[in-house]
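First the structure, in the form of structure tokens, and then the observations on it.
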Amino acid sequence: MLIEKAEVIVTSPDRNFVTLKLTTDSGITGLGDGTLNGRELSVVSYLNDHVVPLLIGRDAHRIEDTWQFLYRSAYWRRGPVTMAAIAAVDVALWDIKAKAAGMPLYQLLGGASRTGILAYGHASGASTDELLDSIRAHQEQGFQAIRVQSGVPGLRAIYGVSAAKTDAAVVEHHYEPAQRAARPVEEDWDTRAYLRHLPTVFEAVRHHFGPELPLLHDGHHRMTPVQAARLGKELEPYDLFWLEDCTPAENQEALRLVRQHTTTPLAIGEVFNSVWDYRQIIAEQLIDYVRSSVTHTGGISHLRKILDFAAQYQIKSGIHGPTDISPVGMAAALHLDLAIHNFGIQEYMPHGERTNRVFEQSFTFTDGYLHPGERPGLGVELDVDQASRYPYQTAYLPFNRLKDGTVHDW
Ligand code: GCO
Ligand code: MG
């Protein structure tokens, strides 16, 4: 079965998405997500200018060989653009193989290891009261695990908290960090104010919702190791499911200091691209959850290798699933989640209605659990007419400045 056609489709229903569609000589099509938030067109160029010409005429069944060919023949390895482009090809080929087999993709990955995929939703509020309402709204939607992000007194809009007031009607997709604007929006940041405030937020949340509800928090790379160690320690009484990205992810050794001081579980990796980014923190057991997405880590083939490595050290999955992962990337995550043994939790931010019209999906969310569905392949199809109604729009992620004007990690 040969690849006959490769098309890169860019659409911006609620936000920008980059999708690779492969068509084989037997008429089977496959989809892969290559969306890189705020840098989408670089992946489009990488695919169109350098990868698509190499795919035509290749055997669609040779997934591993194609992966190794794209990775090694480029000579310039890793990096988000390269790995998102390779991911798009890899996932599209898995979609084709599963459709050819007449099976949902998870069956080819070893079959189901569980009946459903526990998902966490994003609750947030500028104030603690608003946050408590947002948690209630998520519980009403069925979520059984909740990420908690809160405003900090004295700071304007910050990561994870919508600028608009949260209410039940907009809770589905109230938080979308990329802004459709010609320049990145500037936000402000003060780590000391954050460290003072956050434990009071968790105290209020535990007081209102009791000890059972799994609670997560994202530090979004903004702390130093010693600040992260202090936060982890101070949050111990509130029994977090995880503290995510507490330090900038490039420095794997930073997590050693954090780990020595706290038993709060640690999750990291949404900006990682390969198993090499995890080598030390997995082998030294410095983390508890792997946060990579399928889309930014070379696809199902490579993320599976990272997760199998992690499994040997009792480290579990927590696959990245914000709205900037398209429904194609989400479906790929769900098939992997269902099949692997060391599944931890899946992030789930439901997409908006326009996005759901462009990407027709078979996955379900019931009582807090996701399932990829039983359709052959990934279970997602792209409506090309709908997609063409929403052309690309320039959008940037925000960035942070401290009070004195210094640029800080966002
Ligand atoms: C998460 C992430 C996202 C990122 C976004 C950037 O935990 O879901 O931190 O909110 O900020 O994916 O594109
Ligand atoms: Mg995160």
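The values are calculated or read from the model by the stated rules, or taken from the named source; none is laboratory data. These figures come from a predicted structure and were not determined experimentally. Neighbour counts run over all protein chains shown; Cβ positions are idealised from the backbone, glycine included.
Of all positions in the stretch 325-348, at least one carries a residue that is more than 16 Å from ligand 2 (Cβ to nearest atom), in contact (Cβ under 8 Å) with a residue 40 or more places away in the chain and assigned to a strand (DSSP E or B).
The set of residues in the stretch 275-293 that are buried (at least 21 other Cβ atoms within 10 Å of the Cβ), assigned to a loop (DSSP other than H, G, I, E, B) and away from ligand 1 (no atom under 16 Å from the Cβ) comprises Y278, L286. Each residue in the stretch 184-200 was checked for being in a loop (DSSP other than H, G, I, E, B) and touching a Gly at 6+ places or on another chain (Cβ under 9 Å), and 2 pass. Note on the stretch 119-134: residues that are crowded, with 19+ Cβ neighbours inside 10 Å and either closer than 21 Å to T364 by Cα or free of Cβ contacts under 8 Å to residues at least 12 places away in the same chain (or both) amount to 5.
Residues in the stretch 149-178 that are modelled with pLDDT of 70 or more, of a type outside the set (A, V, I, L, M, F, W, C) and either within 12 Å of ligand 1 (Cβ to nearest atom) or on the phi > 0 side of the Ramachandran plot (or both): Q149, G154, Y159, G160, E176, P177. So for the stretch 193-214 (the condition being surrounded by 20 or more Cβ atoms within 10 Å (Cβ to Cβ), among the basic types (K, R) and in the same structural domain as L286 (by TED's automatic domain parsing)), does at least one residue qualify? Scanning the stretch 193-214, I find no residue that is surrounded by 20 or more Cβ atoms within 10 Å (Cβ to Cβ), among the basic types (K, R) and in the same structural domain as L286 (by TED's automatic domain parsing), so the answer is no. Between T295, T247, the distinction of being touching a helix residue (DSSP H, G or I) at 6+ places or on another chain (Cβ under 7 Å), closer than 25 Å to R77 by Cα, in contact (Cβ under 8 Å) with a residue 40 or more places away in the chain and within 16 Å of ligand 2 (Cβ to nearest atom) belongs to T295 only. Would you call F272 out of contact with any Asp or Glu (no Cβ under 7 Å at 6 or more places or on another chain), of a type in the set (F, W, Y) and either at pLDDT below 95 or within 14 Å of ligand 1 (Cβ to nearest atom) (or both)? Judged against the criteria, F272 is a match.
Test H351 against the stated conditions and say whether it is within 16 Å of ligand 2 (Cβ to nearest atom) and under 24 Å from G160 (Cα atoms). Against the criterion (within 16 Å of ligand 2 (Cβ to nearest atom) and under 24 Å from G160 (Cα atoms)), H351 does not qualify.
Would you check if H296 is touching a Pro at 6+ places or on another chain (Cβ under 9 Å), buried (at least 23 other Cβ atoms within 10 Å of the Cβ) and at pLDDT 95 or above? Taking the combined requirement at face value, the residue satisfies it.
No other residue among A267, A249, A229 is part of a loop (DSSP other than H, G, I, E, B) and either within 16 Å of ligand 1 (Cβ to nearest atom) or farther than 30 Å from Q68 by Cβ (or both) apart from A249.
The residues listed here are D14, D25, D49, D33; of these, the one that is of a type in the set (D, E, K, R) and in contact with a His (Cβ under 7 Å, 6 or more places away or on another chain) is D14. Applying the criterion of being among the hydroxyl-bearing types (S, T, Y) and within 21 Å of I345 (Cα to Cα) to the residues of the stretch 72-117, the residue that is surrounded by the fewest Cβ atoms within 10 Å (Cβ to Cβ) is T115.
Scanning the stretch 201-226 for residues that are within 16 Å of ligand 1 (Cβ to nearest atom), touching a helix residue (DSSP H, G or I) at 6+ places or on another chain (Cβ under 9 Å) and either assigned to a loop (DSSP other than H, G, I, E, B) or hydroxyl-bearing (S, T, Y) (or both) returns G219, R222, M223. For the stretch 251-272, a tally of residues being within 15 Å of ligand 2 (Cβ to nearest atom) and either under 18 Å from the mean Cα position of the chain (by Cα) or of a type in the set (G, A, S) (or both) returns 7.
Which of the residues that make up the stretch 370-394 are touching a helix residue (DSSP H, G or I) at 6+ places or on another chain (Cβ under 8 Å) and surrounded by 15 or more Cβ atoms within 10 Å (Cβ to Cβ)? Answer for the stretch 370-394, where residues must be touching a helix residue (DSSP H, G or I) at 6+ places or on another chain (Cβ under 8 Å) and surrounded by 15 or more Cβ atoms within 10 Å (Cβ to Cβ): L370, H371, P372, P376, G377, L378, G379, V380, L382, Q386, A387, Y390.
In this entry, L307 is excluded by the filter for residues that are in the same structural domain as Q149 (by TED's automatic domain parsing), more than 16 Å from ligand 1 (Cβ to nearest atom), in contact with a helix residue (DSSP H, G or I) (Cβ under 7 Å, 6 or more places away or on another chain) and outside any loop (DSSP other than H, G, I, E, B). The set of residues in the stretch 367-382 being in a strand (DSSP E or B), touching an Asp or Glu at 6+ places or on another chain (Cβ under 8 Å) and not charged (D, E, K, R) consists of L370, G377, V380, L382. Applying a threshold of 7 Å to beta carbon distances and a minimum spacing of six or more residues, or different chains, the list of pairs starting in the stretch 12-33 at a residue that is at negative phi and buried (at least 24 other Cβ atoms within 10 Å of the Cβ) and ending at one that is in a loop (DSSP other than H, G, I, E, B) and among the acidic types (D, E) reads R15/E176; R15/D324.
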